[in-house]
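Participant: First, the structure itself, so that you have it in front of you.
The values are calculated or read from the model by the stated rules, or taken from the named source; none is laboratory data. Not measured: the values here are computed from a predicted model. Cβ atoms come from the backbone with ideal geometry, glycine included; neighbour counts cover every protein chain shown.
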Amino acid sequence: MVTASLALAPVRQLDLAVRDLADAHRPEVAETVALAINRLGSGGLLTGAAVLLAAFLAVRRRSAWPLGPVVAAFLATVALTMPLKWLFHRAAPHSPLPDDIEVRLFSQPGGLSYPSGHGVNTIVWYGVICLLLAPWLPAAARRSIRWAPPAIVTVTGTYLGHHWLTDMAAGILLGVVLDRLLARVPWPAPAVGEPVDHEVRGRFQRRS
């Protein structure tokens, strides 16, 4: 949907207008804060955090299953996100290209702006982290962890000019698709004795 919309001039003009608005309102302090917050979508940091958490749970439970969602998420994000970036090779905002060229898909050989990897990461990896921590997190906390980072990273990534607004939207939507696919996997249930509510229980299936 987002990809098809980029064939429309008004959508591309919106991307340019948002970039220019952000450029005109980016004092140094705000930029520094945005750069720090935008790391909430860092693939390396999120992957590392998920690996450490899964390893801890694997040792605690004497089961390798907590590593499963982490491996699946890593393979899914790499296997789909990077090929799409190579396919669409869209230039990032502030490239050397003219505005009416850089904002288009297929605008720059080697361009990797579309879709946003940070957008994908904030949906997929926080979903995995919530899955691993499900026995200890109430529903309200899970919802906050799931949806606050994507919103924050979408705003900061666009504000900093790292991505076009539509890059972020496409990344978020791709992340939702991957998250839904990962949620369909019958991951083993938490260990006996660990608390888990009914909403979470449906995402698990005990081994027979």
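Participant: Would you check which residues across segment 7-44 are outside any helix (DSSP H, G or I), within 27 Å of Tyr126 (Cβ to Cβ) and of a type outside the set (Lys, Arg) and list them? Working first, answer last.
Facilitator: Narrowing segment 7-44 to residues outside any helix (DSSP H, G or I): 7-8, 25-27, 42.
Filter once more, so that each one left must be within 27 Å of Tyr126 (Cβ to Cβ): 26, 42.
Selection gives Ser42 alone.
Participant: Identify the residue in segment 24-66 that is exposed (fewer than 13 other Cβ atoms within 10 Å of the Cβ) and charged (D, E, K, R) and, among all such residues, is nearest to Ile101 (Cα to Cα).
Facilitator: Looking at the filtered set, the residue picked out is Glu28.
Participant: Looking at Ser107, is it crowded, with 23+ Cβ neighbours inside 10 Å, within 19 Å of Ala4 (Cβ to Cβ) and without any contact (Cβ under 8 Å) to a residue 60 or more places away in the chain?
Facilitator: no
Participant: Shifting gears a bit: Please determine whether any residue of segment 82-93 is farther than 30 Å from Leu182 by Cβ and without any contact (Cβ under 8 Å) to a residue 24 or more places away in the chain.
Facilitator: yes
Participant: Could you grab me the full set of residues in segment 121-141 that are in a helix (DSSP H, G or I) and free of Cβ contacts under 8 Å to residues at least 24 places away in the same chain?
Facilitator: Cys130, Ala140, Ala141, listed by residue number.
Participant: Right, another one. Within segment 146-171, can you find the residues that are modelled with pLDDT of 95 or more and either surrounded by fewer than 16 Cβ atoms within 10 Å (Cβ to Cβ) or in a loop (DSSP other than H, G, I, E, B) (or both)?
Facilitator: Correct list: Ala148, Ala151, Leu160, Gly161, His162, His163, Trp164.
Participant: Let me ask something additional. So if I check each of Leu132, Leu57, Leu137, Leu80, which one is in contact with a Cys (Cβ under 8 Å, 6 or more places away or on another chain) and at pLDDT below 95?
Facilitator: Residue meeting the stated conditions: Leu137.
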